[in-house]
1. Within 11 Å, Cβ to Cβ, of THR37, how many net charges do the neighbouring residues add up to if Lys/Arg are +1 and Asp/Glu are -1?
2. Put a dot 7 Å past each Cα toward the Cβ at SER81 and GLU101; how far apart are the dots in nm?
3. Working out 0.36 nm times the residue gap between ASP133 and LEU31, then minus their Cα-Cα distance, what length gain in nm do you get to one decimal?
4. Show that you can apply the helix-only estimate: for the chain, add -39,500 (n - 2.57) for every DSSP H stretch of four or more residues, divide by all residues, and state [θ] at 222 nm to the nearest 500.
5. Within segment 320-345, which residues have the backbone N less than 19 Å from the label spot 7 Å out from ASP314 along Cα→beta-carbon, could you tell me?
6. Given the convex hull over the Cα atoms of segment 175-223, what projected area results after averaging over all orientations, in nm²?
7. Compute the relative contact order of segment 252-345 as a whole-number percentage, counting only Cα pairs closer than 8 Å that sit 6 or more residues apart in sequence.
8. Using only alpha carbon positions, build the gyration tensor of segment 257-344, then give the equivalent ellipsoid semi-axes as the square roots of 5 times its eigenvalues, largest first, whole angstrom.
Amino acid sequence: MARKPIIRIIGSLNIDFVTLTPRVPGPGETLEAKSMTVHAGGKGSNQAVACGKAAYTSPTEQDVQVEMLGAVGAGDPYYASLLKPTLTKSGVDTRYVEEVEGVQTGTATIIVDEGSNGENRILFVPGANHHVDDLDKIISTTTQDGVPDVIVMQGEIPKPTVLGLLSTFNSDRHKTCVVFNPAPMFDTIPLSALKDLAVLVVNETECLLLFKAVQELRDIETPSEENLTPHLDRLTSHLHDLASISIVVVTLGSRGLYYSVASKSTRQQARGLIPAAKVAKVVDTTGAGDTFVGYLSTALARHVSKQGSLEGFDVQEASLRANEAAAKCVQRSGAMESIPFGYEI
Ligand code: ATP
Ligand code: RIB
């Protein structure tokens with residue numbers, strides 16, 4: 001029997017403390033909020049859950065193997081009772097999540113502003129996520145049975161780890177398809193770390209910050225965030241040309257997303273805007289970006305395991321589906337629990 005495609009997510013695991021409020025209080029103000037609930041979160045584990053759930057073609061069949069690499073605080077009751085079971089129920093293998101003594105699991109304090117269409121503000125405390133720092137060990141775990149079809153990374157683990165992994169998995173020795181979602185964005189990123197990256201996913205803010213973070217991109221003229229869309233063809237062309245990134249996706253919140261693909265063999269570019277799916281009511285946007293990344297990564301893993309490379313991957317079709325999944329996510333509260341299963345799309 002052919003083996004299933006494999007995705008390994010190397011990233012953060014957090015406990016999210018989510019407060020729903022009618023508006024955000026001003027400095028020095030105390031305001032009665034509506035509720036505070038505790039959820040499983042973290043960009044890494046949210047994206048792992050999105051990959052795991054996207055891979056369910058029916059309630060009992062999962063066609064992609066999804067594994068999470070990261071760290072939590074040893075003996076954390078929230079990990080045992082909330083995070084781990086949520087990952088497991090979503091089809092994510094947690095055997096490579098290390099429990100580190102003497103540190104807390106990462107946390108995120110999230111304010112969801114009901115008065116602003118469920119928009120969120122997040123305060124992230126890394127905790128154990130900053131102990132994901134043994135590069136050699138991570139590389140050997142990630143490649144123990146050969147390189148996976150897809151590796152997914154974000155910005156909530158230490159920058160040297162992320163840059164080291166990007167260099168390792170974008171280069172010949174362990175070359176594979178890396179999906180990189182630099183959220184939060186690092187202050188600086190060497191262009192060499194992005195060289196030959198398969199997929200970059202950024203939101204509008206991160207897209208503009210990237211042009212400040214990479215020295216070779218700093219002289220390129222960038223617009224204001226409100227006026228970004230008409231400039232995306234030009235900006236993404238620079239990313240294809242200077243960094244040889246194959247696929248760039250810019251998520252545009254309630255306006256959907258923009259994608260740009262540069263084919264290495266035909267040297268042609270394909271690009272387009274996909275409007276967001278219409279939703280009746282936005283409840284909480286937390287995890288929408290993670291849902292998008294997970295769905296796109298799962299589609300990519302299926303393609304790569306069949307075709308042997310990124311060439312020919314239908315980015316438009318995969319993005320349409322990821323866009324549908326992300327729209328479902330914004331209609332429910334929390335991050336992981338609001339991510340739909342593949343068979344629900
Ligand atoms: P977050 O940090 O809140 O998880 P993000 O900033 O990383 O999100 P966004 O660009 O806000 O990412 O949203 C990601 C995707 O979610 C969008 O590309 C779109 O597919 C979907 N989405 C977001 N907001 C809406 C909305 N109001 N209606 C429908 N779909 C939405
Ligand atoms: O992308 C959403 C996630 O970012 C939340 O679950 C929270 O943990 C934050 O870090």
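1. -2
2. The two pseudo-label positions are separated by 2.5 nm.
3. Details: separation 102, 0.36 × 102 = 36.72 nm, distance 3.97 nm.
Between ASP133 and LEU31, full extension yields 32.8 nm more.
4. -8500 deg cm²/dmol
5. It comes to 320-326, 342-345, nothing else.
6. Dividing the Cα hull surface by four gives the mean projection, 3.5 nm².
7. The value is 32 percent.
8. The three semi-axes for segment 257-344 are 27, 15, 9 Å.
The numbers here are math on the coordinates, done by the rules we state, and not lab data. On a predicted model such as this, the values are computed, not experimentally measured, just so you know. Using ideal geometry, Cβ is built from the backbone for each residue, glycine included, and neighbour counts are taken over all protein chains shown.
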